[in-house]
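One structure below.
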Amino acid sequence: MNANLYMAFPGITTEEMMHLQHATDGMDDKQQQNFYNLYASKRKNTQDMLLLCILGFFGLAGIHRIAMGQVGLGIVYLFTFGLFWIGTLVDLLSIYRLTNEYNRKMAYESCQIIKMGMYNYATI
């Protein structure tokens, strides 16, 4: 599969692209295409998560945590105004790391699904 396909992801970093290439080593073209489609549906863009985090300063704290699958913490943020804006501020400063961790987890999960043969984009 052409590595340039991953360049279509908005806000992709060199680190993420290298991780994706490493994760798809040994997959045939069909598996790589299925991986790309599955991962693209799960991946979060850092800029989008940054905007959702900024909403925390305007009364919608925790939306970025909910979007990244941390529903419990997101609800806590929502009812405590982002832990009194301190948690939101910390998240704002570390949003790149939070998004990168989430995307790595989704890449691993997608890779496992593809390798187990549980996903076939053509049949969906």
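Being of a type in the set (Gly, Ala, Ser) and surrounded by fewer than 17 Cβ atoms within 10 Å (Cβ to Cβ) is the filter; apply it to segment 68-79 and report the residue that is nearest to the chain's Cα centre (by Cα). The extreme case among them is Gly69. Checking each residue in segment 28-59 for being surrounded by 17 or more Cβ atoms within 10 Å (Cβ to Cβ) and not in a helix (DSSP H, G or I) picks out Arg43, Lys44.
For segment 1-27, which positions are farther than 23 Å from Lys115 by Cα, surrounded by 12 or more Cβ atoms within 10 Å (Cβ to Cβ) and touching an Asp or Glu at 6+ places or on another chain (Cβ under 9 Å)? Hit for segment 1-27 is Gly11, nothing else. On the stretch given as segment 75-116, residues that are out of contact with any helix residue (DSSP H, G or I) (no Cβ under 9 Å at 6 or more places or on another chain) and part of a loop (DSSP other than H, G, I, E, B) total 2. Within segment 86-105, the residues that satisfy the criterion of being under 15 Å from Leu50 (Cα atoms) and surrounded by fewer than 15 Cβ atoms within 10 Å (Cβ to Cβ) are Val90, Leu93, Ser94, Tyr96, Arg97, Glu101.
Of the candidates Gly82, Gly62, Gly56, the single residue that is within 18 Å of the chain's Cα centre (by Cα), under 16 Å from Ile95 (Cβ atoms) and free of Cβ contacts under 8 Å to residues at least 40 places away in the same chain is Gly62.
Checked against the criterion of being within 17 Å of the chain's Cα centre (by Cα) and at pLDDT 95 or above, the candidates Met49, Met18 yield just one match: Met49.
The values are calculated or read from the model by the stated rules, or taken from the named source; none is laboratory data. Computed from a predicted model, the values in this text were never measured in an experiment. Please note: Cβ atoms are built from the backbone with ideal geometry, for glycine as well, and neighbour counts cover all protein chains shown.
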